[in-house]
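To start, the structure itself, in C-alpha coordinates.
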Amino acid sequence: MLSKRVIACLDVRDGKLAKSVKFVDTKDIGDPVEKAKQYYDDGLDELVFYDITASSERRGIMIDVVERVAAQIFIPFSVGGGVRSVEDATRLRLAGAEKINVNSAAVQDPELIARCSDAIGAQSTVLSMDVLRVGTSETIPSGYEIVINGGRTRTGRDALAWAKRGEALGAGELVINSIDADGTRDGYEIALTRMIARALRIPVIASGGAGKPEHLYDVLTEGCADAALVASMVHYGEYKIPELKQYLAGRGIHVRLST
Amino acid sequence: MITIVDYNGGNLRSVKRACDAVGIAAEFTQDPDAVAKADKLIFPGVGHARSAMATLLRTGLGDAVRHAYERGVPTLGICVGAQLLLDSSEEGETQGFGLLPGRTRLFRLEDPALKIPHIGWNELRIERPHPLLDTMKNGDEVYFVHSYYLDPTDASHVYATTDHGIRFCVALGKDNLFATQFHPEKSGRLGLGLLSRFASWDGTPC
(Lines give C-alpha, C1' and ligand atoms only; values in the text may rest on other atoms or scores of the structure.)
Protein backbone atom coordinates (compact mmCIF):
# COMPACT_ATOMS: atom_id res chain seq x y z
CA MET A 1 0.00 0.00 0.00
CA LEU A 2 1.22 3.46 -0.92
CA SER A 3 2.39 5.47 2.10
CA LYS A 4 1.18 8.94 2.91
CA ARG A 5 4.16 11.26 2.53
CA VAL A 6 5.59 13.85 4.88
CA ILE A 7 7.31 16.55 2.84
CA ALA A 8 9.40 19.38 4.25
CA CYS A 9 9.35 22.70 2.45
CA LEU A 10 12.40 24.93 2.59
CA ASP A 11 12.01 28.50 1.42
CA VAL A 12 15.32 29.63 0.01
CA ARG A 13 16.28 33.25 -0.56
CA ASP A 14 19.66 34.10 -2.05
CA GLY A 15 20.83 30.59 -1.22
CA LYS A 16 19.78 30.74 2.43
CA LEU A 17 16.89 29.19 4.29
CA ALA A 18 14.02 31.59 5.06
CA LYS A 19 10.58 31.27 6.55
CA SER A 20 7.63 33.53 5.96
CA VAL A 21 4.36 34.12 7.76
CA LYS A 22 1.45 34.70 5.36
CA PHE A 23 4.09 35.09 2.65
CA VAL A 24 5.69 38.21 4.23
CA ASP A 25 8.27 38.93 6.98
CA THR A 26 10.86 36.49 5.69
CA LYS A 27 14.04 35.97 7.66
CA ASP A 28 17.11 33.77 7.27
CA ILE A 29 17.16 30.66 9.43
CA GLY A 30 20.15 28.70 8.19
CA ASP A 31 21.76 26.65 5.44
CA PRO A 32 19.24 24.78 3.26
CA VAL A 33 21.65 21.98 2.32
CA GLU A 34 22.53 21.24 5.94
CA LYS A 35 18.85 21.24 6.88
CA ALA A 36 17.97 18.98 3.96
CA LYS A 37 20.68 16.51 4.97
CA GLN A 38 19.36 16.40 8.52
CA TYR A 39 15.82 15.68 7.30
CA TYR A 40 17.08 13.00 4.94
CA ASP A 41 18.90 11.31 7.82
CA ASP A 42 15.69 11.55 9.84
CA GLY A 43 13.68 9.62 7.25
CA LEU A 44 11.86 12.45 5.52
CA ASP A 45 9.99 11.24 2.40
CA GLU A 46 10.54 14.19 0.13
CA LEU A 47 11.78 17.78 0.01
CA VAL A 48 10.56 20.93 -1.67
CA PHE A 49 12.78 23.95 -2.20
CA TYR A 50 11.00 27.17 -2.92
CA ASP A 51 13.20 29.89 -4.37
CA ILE A 52 11.89 33.20 -3.08
CA THR A 53 14.89 35.14 -4.37
CA ALA A 54 13.55 38.45 -5.61
CA SER A 55 16.19 39.46 -8.13
CA SER A 56 16.65 37.47 -11.29
CA GLU A 57 20.44 37.99 -11.33
CA ARG A 58 20.77 36.04 -8.09
CA ARG A 59 18.74 33.07 -9.39
CA GLY A 60 21.87 31.16 -10.37
CA ILE A 61 22.57 30.67 -6.67
CA MET A 62 19.63 28.27 -6.56
CA ILE A 63 21.25 26.00 -9.14
CA ASP A 64 24.23 25.70 -6.81
CA VAL A 65 21.95 24.82 -3.87
CA VAL A 66 20.16 22.19 -6.00
CA GLU A 67 23.46 20.63 -7.08
CA ARG A 68 24.74 20.47 -3.51
CA VAL A 69 21.48 18.92 -2.29
CA ALA A 70 21.44 16.38 -5.11
CA ALA A 71 24.93 15.18 -4.20
CA GLN A 72 23.89 14.30 -0.65
CA ILE A 73 20.21 13.47 -0.55
CA PHE A 74 18.77 10.35 -2.12
CA ILE A 75 15.08 10.96 -1.82
CA PRO A 76 13.03 12.90 -4.36
CA PHE A 77 13.07 16.66 -4.19
CA SER A 78 11.35 19.36 -6.13
CA VAL A 79 12.16 22.96 -6.78
CA GLY A 80 9.79 25.84 -7.38
CA GLY A 81 9.64 29.60 -7.39
CA GLY A 82 10.32 31.69 -10.46
CA VAL A 83 10.06 28.86 -13.00
CA ARG A 84 8.88 30.65 -16.15
CA SER A 85 9.97 28.45 -19.02
CA VAL A 86 10.87 24.93 -20.10
CA GLU A 87 14.50 26.12 -20.06
CA ASP A 88 14.21 27.04 -16.36
CA ALA A 89 12.66 23.65 -15.65
CA THR A 90 15.27 21.74 -17.64
CA ARG A 91 18.14 23.59 -15.97
CA LEU A 92 16.85 22.71 -12.50
CA ARG A 93 16.25 19.09 -13.56
CA LEU A 94 19.80 18.76 -14.82
CA ALA A 95 21.09 20.26 -11.58
CA GLY A 96 19.40 17.33 -9.82
CA ALA A 97 15.81 18.25 -8.97
CA GLU A 98 13.39 15.38 -9.45
CA LYS A 99 10.36 17.57 -10.00
CA ILE A 100 9.71 21.17 -10.94
CA ASN A 101 6.91 23.28 -9.45
CA VAL A 102 5.29 25.85 -11.67
CA ASN A 103 3.06 28.46 -10.08
CA SER A 104 2.48 32.11 -11.10
CA ALA A 105 3.95 31.76 -14.58
CA ALA A 106 1.53 28.91 -15.31
CA VAL A 107 -1.45 31.04 -14.33
CA GLN A 108 -0.33 33.68 -16.82
CA ASP A 109 0.57 31.08 -19.46
CA PRO A 110 -1.28 27.79 -18.81
CA GLU A 111 0.37 26.06 -21.76
CA LEU A 112 3.61 26.22 -19.77
CA ILE A 113 2.28 23.19 -17.87
CA ALA A 114 1.83 21.24 -21.11
CA ARG A 115 5.25 22.26 -22.41
CA CYS A 116 6.98 21.23 -19.18
CA SER A 117 5.03 17.99 -19.08
CA ASP A 118 6.14 17.15 -22.63
CA ALA A 119 9.75 18.12 -21.96
CA ILE A 120 10.40 16.58 -18.53
CA GLY A 121 7.40 14.27 -18.11
CA ALA A 122 4.13 14.60 -16.20
CA GLN A 123 5.73 12.88 -13.20
CA SER A 124 8.21 15.74 -12.92
CA THR A 125 5.73 18.55 -13.54
CA VAL A 126 4.09 19.78 -10.35
CA LEU A 127 1.47 22.50 -10.39
CA SER A 128 1.71 24.56 -7.23
CA MET A 129 -1.14 26.93 -6.55
CA ASP A 130 -1.60 29.68 -3.97
CA VAL A 131 -5.19 29.89 -2.88
CA LEU A 132 -7.18 32.54 -1.03
CA ARG A 133 -10.56 31.96 0.61
CA VAL A 134 -12.92 34.56 -0.87
CA GLY A 135 -16.43 33.14 -0.51
CA THR A 136 -18.61 31.75 -3.26
CA SER A 137 -19.52 33.98 -6.17
CA GLU A 138 -20.51 33.59 -9.80
CA THR A 139 -16.91 33.80 -11.03
CA ILE A 140 -15.49 31.85 -8.06
CA PRO A 141 -18.01 29.02 -7.53
CA SER A 142 -15.69 27.01 -5.27
CA GLY A 143 -15.22 29.98 -2.94
CA TYR A 144 -11.44 29.82 -3.38
CA GLU A 145 -9.46 32.05 -5.70
CA ILE A 146 -6.01 31.62 -7.21
CA VAL A 147 -3.54 34.33 -6.27
CA ILE A 148 -0.07 34.87 -7.72
CA ASN A 149 3.15 36.76 -7.09
CA GLY A 150 3.57 35.39 -3.60
CA GLY A 151 -0.06 36.00 -2.72
CA ARG A 152 -0.12 39.67 -3.67
CA THR A 153 -2.17 39.53 -6.86
CA ARG A 154 -5.67 38.09 -7.21
CA THR A 155 -6.40 36.50 -10.57
CA GLY A 156 -10.16 35.99 -10.73
CA ARG A 157 -9.53 32.27 -11.35
CA ASP A 158 -11.47 29.66 -9.44
CA ALA A 159 -9.11 27.30 -7.57
CA LEU A 160 -11.03 24.09 -8.31
CA ALA A 161 -11.38 24.90 -12.00
CA TRP A 162 -7.68 25.77 -12.20
CA ALA A 163 -6.66 22.52 -10.49
CA LYS A 164 -8.69 20.52 -13.01
CA ARG A 165 -7.22 22.50 -15.89
CA GLY A 166 -3.72 21.87 -14.56
CA GLU A 167 -4.36 18.14 -14.42
CA ALA A 168 -5.75 18.17 -17.96
CA LEU A 169 -2.70 20.09 -19.20
CA GLY A 170 -0.38 17.40 -17.88
CA ALA A 171 0.62 18.19 -14.31
CA GLY A 172 1.51 14.98 -12.47
CA GLU A 173 1.00 16.34 -8.97
CA LEU A 174 -0.65 19.31 -7.32
CA VAL A 175 0.47 21.39 -4.34
CA ILE A 176 -2.29 23.42 -2.68
CA ASN A 177 -0.91 26.30 -0.62
CA SER A 178 -3.50 28.04 1.48
CA ILE A 179 -2.61 31.71 1.90
CA ASP A 180 -5.08 31.94 4.79
CA ALA A 181 -3.40 29.11 6.68
CA ASP A 182 0.23 29.79 5.70
CA GLY A 183 2.42 30.36 8.71
CA THR A 184 -0.51 30.40 11.17
CA ARG A 185 0.24 26.92 12.53
CA ASP A 186 -3.50 26.54 13.18
CA GLY A 187 -3.95 23.61 10.79
CA TYR A 188 -4.33 23.04 7.07
CA GLU A 189 -7.27 24.31 5.04
CA ILE A 190 -9.10 20.98 5.19
CA ALA A 191 -12.22 21.91 3.20
CA LEU A 192 -10.15 23.29 0.31
CA THR A 193 -7.77 20.33 0.22
CA ARG A 194 -10.57 17.81 0.40
CA MET A 195 -12.61 19.46 -2.34
CA ILE A 196 -9.69 19.47 -4.78
CA ALA A 197 -8.19 16.10 -3.83
CA ARG A 198 -11.53 14.38 -4.39
CA ALA A 199 -12.01 16.03 -7.77
CA LEU A 200 -8.59 15.08 -9.17
CA ARG A 201 -6.90 11.84 -10.13
CA ILE A 202 -3.34 13.09 -9.59
CA PRO A 203 -1.80 13.13 -6.09
CA VAL A 204 -2.43 16.21 -3.97
CA ILE A 205 0.01 17.75 -1.48
CA ALA A 206 -1.49 19.96 1.24
CA SER A 207 0.51 23.02 2.24
CA GLY A 208 0.18 25.82 4.75
CA GLY A 209 -0.87 25.83 8.39
CA ALA A 210 0.85 22.79 9.90
CA GLY A 211 1.67 23.40 13.56
CA LYS A 212 0.90 20.15 15.38
CA PRO A 213 1.03 16.46 14.45
CA GLU A 214 -2.79 16.34 14.63
CA HIS A 215 -2.92 18.75 11.71
CA LEU A 216 -1.10 16.26 9.51
CA TYR A 217 -3.45 13.51 10.61
CA ASP A 218 -6.48 15.65 9.79
CA VAL A 219 -5.37 16.63 6.31
CA LEU A 220 -4.27 13.08 5.40
CA THR A 221 -7.63 11.65 6.49
CA GLU A 222 -10.45 14.17 6.38
CA GLY A 223 -8.59 16.35 3.89
CA CYS A 224 -7.93 13.38 1.53
CA ALA A 225 -4.38 14.63 0.84
CA ASP A 226 -1.72 12.21 -0.40
CA ALA A 227 1.05 14.14 1.29
CA ALA A 228 1.39 16.82 3.95
CA LEU A 229 3.90 19.59 3.68
CA VAL A 230 5.56 20.89 6.85
CA ALA A 231 7.85 23.85 7.41
CA SER A 232 8.22 25.92 10.58
CA MET A 233 7.04 23.13 12.91
CA VAL A 234 10.18 21.18 12.01
CA HIS A 235 12.60 23.94 10.98
CA TYR A 236 12.94 25.30 14.51
CA GLY A 237 13.32 21.86 16.06
CA GLU A 238 9.99 21.82 17.83
CA TYR A 239 9.07 18.55 16.15
CA LYS A 240 11.31 15.95 14.57
CA ILE A 241 10.39 14.03 11.43
CA PRO A 242 10.49 10.56 13.12
CA GLU A 243 8.23 11.90 15.86
CA LEU A 244 5.65 13.08 13.32
CA LYS A 245 5.71 9.77 11.52
CA GLN A 246 5.47 7.73 14.69
CA TYR A 247 2.48 9.82 15.69
CA LEU A 248 0.75 9.23 12.34
CA ALA A 249 1.56 5.51 12.39
CA GLY A 250 0.17 5.31 15.92
CA ARG A 251 -3.11 6.69 14.63
CA GLY A 252 -3.27 4.13 11.82
CA ILE A 253 -1.89 6.19 8.94
CA HIS A 254 0.33 4.21 6.62
CA VAL A 255 3.68 6.01 6.61
CA ARG A 256 7.24 4.99 5.82
CA LEU A 257 9.14 4.44 9.05
CA SER A 258 12.44 3.24 7.64
CA THR A 259 15.18 5.53 6.41
CA MET B 1 33.50 0.59 -13.63
CA ILE B 2 29.78 0.88 -14.24
CA THR B 3 28.68 2.32 -17.55
CA ILE B 4 25.44 4.30 -17.47
CA VAL B 5 23.64 4.39 -20.80
CA ASP B 6 22.92 8.04 -21.59
CA TYR B 7 20.05 8.41 -24.02
CA ASN B 8 18.74 11.69 -22.56
CA GLY B 9 16.15 9.89 -20.51
CA GLY B 10 16.45 12.55 -17.83
CA ASN B 11 17.52 11.11 -14.50
CA LEU B 12 20.96 9.92 -15.51
CA ARG B 13 22.78 12.30 -13.28
CA SER B 14 20.79 11.16 -10.26
CA VAL B 15 21.97 7.61 -10.83
CA LYS B 16 25.56 8.78 -11.21
CA ARG B 17 25.33 10.89 -8.04
CA ALA B 18 23.94 7.94 -6.10
CA CYS B 19 26.83 5.78 -7.35
CA ASP B 20 29.30 8.50 -6.33
CA ALA B 21 27.77 8.66 -2.86
CA VAL B 22 28.40 4.96 -2.20
CA GLY B 23 31.84 5.00 -3.78
CA ILE B 24 31.00 3.18 -6.99
CA ALA B 25 32.96 4.20 -10.05
CA ALA B 26 30.48 5.07 -12.77
CA GLU B 27 30.50 7.04 -15.99
CA PHE B 28 27.84 7.78 -18.50
CA THR B 29 28.19 7.43 -22.19
CA GLN B 30 26.32 8.04 -25.43
CA ASP B 31 28.79 5.88 -27.36
CA PRO B 32 27.35 2.51 -28.46
CA ASP B 33 30.86 0.98 -28.60
CA ALA B 34 31.48 1.91 -24.97
CA VAL B 35 28.15 0.33 -24.03
CA ALA B 36 28.87 -2.85 -25.98
CA LYS B 37 32.29 -3.17 -24.25
CA ALA B 38 31.06 -2.31 -20.75
CA ASP B 39 31.79 -4.54 -17.75
CA LYS B 40 28.58 -3.54 -16.08
CA LEU B 41 25.63 -1.53 -17.33
CA ILE B 42 22.96 0.64 -15.81
CA PHE B 43 20.10 1.35 -18.16
CA PRO B 44 18.14 4.15 -16.47
CA GLY B 45 15.25 6.22 -17.56
CA VAL B 46 12.33 8.39 -16.85
CA GLY B 47 10.28 9.98 -19.56
CA HIS B 48 8.20 8.69 -22.40
CA ALA B 49 8.73 5.07 -23.49
CA ARG B 50 8.21 5.65 -27.20
CA SER B 51 10.55 8.63 -27.45
CA ALA B 52 13.16 6.82 -25.33
CA MET B 53 12.93 3.77 -27.61
CA ALA B 54 13.17 5.91 -30.74
CA THR B 55 16.35 7.54 -29.41
CA LEU B 56 17.83 4.17 -28.46
CA LEU B 57 17.20 2.74 -31.93
CA ARG B 58 18.42 5.84 -33.76
CA THR B 59 21.67 6.10 -31.83
CA GLY B 60 22.53 2.41 -31.88
CA LEU B 61 22.54 2.40 -28.07
CA GLY B 62 19.64 -0.05 -28.04
CA ASP B 63 21.54 -2.68 -30.04
CA ALA B 64 24.58 -2.08 -27.86
CA VAL B 65 22.54 -2.80 -24.70
CA ARG B 66 21.21 -6.00 -26.28
CA HIS B 67 24.74 -7.15 -27.25
CA ALA B 68 26.04 -6.44 -23.78
CA TYR B 69 23.20 -8.42 -22.24
CA GLU B 70 23.76 -11.34 -24.61
CA ARG B 71 27.46 -11.26 -23.73
CA GLY B 72 26.53 -11.78 -20.08
CA VAL B 73 27.25 -8.25 -18.83
CA PRO B 74 25.46 -7.61 -15.52
CA THR B 75 22.76 -5.11 -16.45
CA LEU B 76 20.44 -3.06 -14.24
CA GLY B 77 17.38 -1.40 -15.77
CA ILE B 78 15.52 1.32 -13.88
CA CYS B 79 11.95 2.55 -14.48
CA VAL B 80 11.51 3.19 -18.22
CA GLY B 81 14.80 1.32 -18.60
CA ALA B 82 13.00 -1.68 -17.07
CA GLN B 83 9.82 -1.21 -19.08
CA LEU B 84 11.68 -1.25 -22.40
CA LEU B 85 13.16 -4.67 -21.66
CA LEU B 86 9.72 -6.20 -22.30
CA ASP B 87 8.19 -6.84 -25.73
CA SER B 88 6.15 -3.66 -25.89
CA SER B 89 4.75 -0.69 -23.99
CA GLU B 90 1.33 0.91 -24.07
CA GLU B 91 3.01 4.28 -23.58
CA GLY B 92 2.95 5.51 -27.16
CA GLU B 93 2.36 1.92 -28.36
CA THR B 94 6.03 1.21 -28.84
CA GLN B 95 8.02 -1.98 -29.22
CA GLY B 96 10.50 -2.78 -26.48
CA PHE B 97 13.66 -4.88 -26.71
CA GLY B 98 11.84 -8.11 -25.98
CA LEU B 99 14.66 -9.41 -23.75
CA LEU B 100 11.91 -10.70 -21.48
CA PRO B 101 8.37 -11.58 -22.63
CA GLY B 102 5.65 -9.23 -21.48
CA ARG B 103 4.12 -5.82 -21.88
CA THR B 104 4.15 -2.47 -20.06
CA ARG B 105 0.60 -1.40 -19.32
CA LEU B 106 -1.21 1.77 -18.24
CA PHE B 107 -2.78 1.70 -14.78
CA ARG B 108 -6.54 1.45 -15.13
CA LEU B 109 -7.75 1.57 -11.55
CA GLU B 110 -11.43 1.57 -10.68
CA ASP B 111 -11.11 3.10 -7.21
CA PRO B 112 -10.98 6.89 -7.77
CA ALA B 113 -9.18 7.31 -4.43
CA LEU B 114 -6.14 5.55 -5.94
CA LYS B 115 -4.07 8.21 -7.59
CA ILE B 116 -2.30 8.01 -10.93
CA PRO B 117 0.63 8.52 -11.42
CA HIS B 118 1.64 6.05 -8.70
CA ILE B 119 3.93 8.48 -6.85
CA GLY B 120 5.56 7.89 -3.51
CA TRP B 121 6.87 5.17 -1.24
CA ASN B 122 5.33 1.72 -1.49
CA GLU B 123 6.03 -1.62 0.13
CA LEU B 124 7.94 -4.42 -1.51
CA ARG B 125 6.86 -8.01 -1.42
CA ILE B 126 9.82 -10.21 -2.22
CA GLU B 127 8.58 -13.00 -4.52
CA ARG B 128 11.90 -14.84 -4.85
CA PRO B 129 15.38 -14.20 -3.53
CA HIS B 130 17.94 -12.39 -5.64
CA PRO B 131 21.45 -11.20 -4.75
CA LEU B 132 20.47 -7.59 -5.53
CA LEU B 133 17.53 -7.81 -3.10
CA ASP B 134 19.63 -9.24 -0.26
CA THR B 135 18.86 -7.52 3.06
CA MET B 136 15.58 -6.21 1.61
CA LYS B 137 12.49 -7.70 3.15
CA ASN B 138 8.73 -7.66 2.82
CA GLY B 139 7.34 -4.26 3.79
CA ASP B 140 10.49 -2.29 2.95
CA GLU B 141 9.49 0.87 1.14
CA VAL B 142 11.00 2.22 -2.03
CA TYR B 143 10.23 5.22 -4.21
CA PHE B 144 8.03 5.03 -7.29
CA VAL B 145 6.90 7.51 -9.87
CA HIS B 146 5.13 6.07 -12.91
CA SER B 147 1.82 5.69 -14.72
CA TYR B 148 2.67 2.44 -16.54
CA TYR B 149 3.54 -0.86 -14.92
CA LEU B 150 5.52 -3.97 -15.81
CA ASP B 151 3.50 -7.02 -16.79
CA PRO B 152 5.96 -9.82 -17.61
CA THR B 153 4.43 -13.00 -19.01
CA ASP B 154 6.68 -15.45 -17.19
CA ALA B 155 6.11 -15.51 -13.42
CA SER B 156 9.62 -16.89 -12.90
CA HIS B 157 11.01 -13.49 -13.98
CA VAL B 158 9.19 -11.67 -11.16
CA TYR B 159 11.38 -10.98 -8.09
CA ALA B 160 9.31 -8.40 -6.24
CA THR B 161 5.84 -6.92 -6.40
CA THR B 162 3.89 -4.10 -4.82
CA ASP B 163 0.24 -3.20 -4.48
CA HIS B 164 -1.57 -0.15 -5.83
CA GLY B 165 -5.09 -1.27 -6.57
CA ILE B 166 -3.56 -4.26 -8.31
CA ARG B 167 -0.49 -6.28 -7.39
CA PHE B 168 2.18 -5.79 -10.03
CA CYS B 169 5.80 -6.60 -10.74
CA VAL B 170 8.35 -4.04 -9.55
CA ALA B 171 11.54 -6.06 -9.91
CA LEU B 172 12.16 -8.50 -12.70
CA GLY B 173 15.15 -10.38 -13.94
CA LYS B 174 16.68 -13.23 -15.81
CA ASP B 175 20.28 -14.40 -15.78
CA ASN B 176 22.53 -11.31 -15.84
CA LEU B 177 19.62 -8.92 -16.23
CA PHE B 178 17.81 -7.24 -13.34
CA ALA B 179 15.44 -4.31 -13.48
CA THR B 180 13.34 -2.28 -11.09
CA GLN B 181 10.27 -0.11 -11.56
CA PHE B 182 11.24 1.79 -8.42
CA HIS B 183 14.13 4.24 -8.28
CA PRO B 184 17.00 2.90 -6.16
CA GLU B 185 18.77 6.26 -6.61
CA LYS B 186 15.83 7.98 -4.87
CA SER B 187 14.98 5.30 -2.30
CA GLY B 188 17.24 6.45 0.52
CA ARG B 189 19.61 3.99 2.14
CA LEU B 190 17.69 0.93 0.92
CA GLY B 191 18.12 2.06 -2.67
CA LEU B 192 21.79 2.93 -2.26
CA GLY B 193 22.27 -0.56 -0.82
CA LEU B 194 20.87 -2.11 -3.98
CA LEU B 195 23.29 -0.05 -6.11
CA SER B 196 26.20 -1.14 -3.90
CA ARG B 197 25.23 -4.79 -4.34
CA PHE B 198 24.96 -4.27 -8.09
CA ALA B 199 28.52 -2.92 -8.10
CA SER B 200 29.78 -6.21 -6.69
CA TRP B 201 27.28 -8.52 -8.45
CA ASP B 202 28.75 -11.24 -10.66
CA GLY B 203 25.63 -11.42 -12.85
CA THR B 204 24.22 -14.70 -11.59
CA PRO B 205 20.69 -14.71 -10.21
CA CYS B 206 21.53 -16.76 -7.12
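Things to note:
- If only residues of the range A:62-83 that are more than 12 Å from chain B (Cβ to nearest Cβ) and farther than 23 Å from residue A:130 by Cβ are counted, the one that is surrounded by the most Cβ atoms within 10 Å (Cβ to Cβ) is A:63.
- Given (1) open to solvent by 10 Å² or more (accessible area, probe 1.4 Å); (2) closer than 22 Å to residue B:114 by Cα; (3) away from every other protein chain (no Cβ under 14 Å), number of the condition residue B:163 does not satisfy: (3)
- Every listed requirement among (1) surrounded by 20 or more Cβ atoms within 10 Å (Cβ to Cβ); (2) hydrophobic (A, V, I, L, M, F, W, C); (3) in contact with a helix residue (DSSP H, G or I) (Cβ under 8 Å, 6 or more places away or on another chain) is met by residue A:86 save one, (1).
- Per the conditions (1) open to solvent by less than 20 Å² (accessible area, probe 1.4 Å); (2) more than 14 Å from chain A (Cβ to nearest Cβ); (3) in contact with a strand residue (DSSP E or B) (Cβ under 9 Å, 6 or more places away or on another chain), the sole criterion not satisfied by residue B:168 is (2).
- The residues of the range A:33-65 that are part of a loop (DSSP other than H, G, I, E, B) and closer than 23 Å to residue B:120 by Cα, listed by number, are A:42, A:43, A:44, A:45.
- Within the range A:61-90, tally of residues that are among the polar types (S, T, N, Q) and more than 24 Å from residue B:182 (Cβ to Cβ): 2
- Residue B:105 over 14 Å from residue B:182 (Cβ atoms) and touching a residue at least 40 places away in the same chain (Cβ under 8 Å): yes
- Scanning the range A:89-112 for residues that are crowded, with 18+ Cβ neighbours inside 10 Å, not in a loop (DSSP other than H, G, I, E, B) and not β-branched (Val, Ile, Thr) turns up A:89, A:91, A:92, A:93, A:95, A:99, A:101, A:104, A:106, A:112.
- At least 3 residues being open to solvent by 10 Å² or more (accessible area, probe 1.4 Å), away from every other protein chain (no Cβ under 14 Å) and farther than 30 Å from residue B:190 by Cβ is the threshold, and among the strands (runs of 3 or more DSSP E) wholly inside the range A:145-259 those reaching it are A:153-158.
- Residue match in the range B:80-99 (condition: under 29 Å from residue A:47 (Cβ atoms), outside any loop (DSSP other than H, G, I, E, B), within 12 Å of chain A (Cβ to nearest Cβ) and under 16 Å from the mean Cα position of the chain (by Cα)): yes
- Some residue of the range A:207-219 being of a type outside the set (Asp, Glu) and at pLDDT below 95: no
- Contact map, the range A:222-247: first residue on the phi > 0 side of the Ramachandran plot, second residue in a helix (DSSP H, G or I) and of a type in the set (Ser, Thr, Tyr), Cβ cut-off under 8 Å, separation 6 or more or different chains; pairs are A:224/A:193.
- Scanning the range A:115-129 for residues that are away from chain B (no Cβ under 13 Å) and open to solvent by less than 10 Å² (accessible area, probe 1.4 Å) turns up A:127, A:128, A:129.
- Count - residues of the range B:103-147 that are touching a strand residue (DSSP E or B) at 6+ places or on another chain (Cβ under 7 Å), more than 12 Å from chain A (Cβ to nearest Cβ) and open to solvent by 30 Å² or more (accessible area, probe 1.4 Å): 7
- Of all the residues in the range A:153-200, those that are farther than 14 Å from residue A:134 by Cα and modelled with pLDDT under 95 number 4.
- Within the range B:1-52, strands (runs of 3 or more DSSP E) holding 2 or more residues that are closer than 21 Å to residue B:83 by Cα and within 14 Å of another protein chain (Cβ to nearest Cβ): none
The values are calculated or read from the model by the stated rules, or taken from the named source; none is laboratory data. From a predicted model like this one, the values you see are computed outputs, not experimental measurements. Virtual Cβ from ideal backbone geometry, glycine too; neighbours counted across all protein chains shown. Quick note on the areas: whole protein, heavy atoms, side chains included, nothing else; ligands and nucleic acids left out. Shrake-Rupley method; radii C 1.70, N 1.55, O 1.52, S 1.80 Å.
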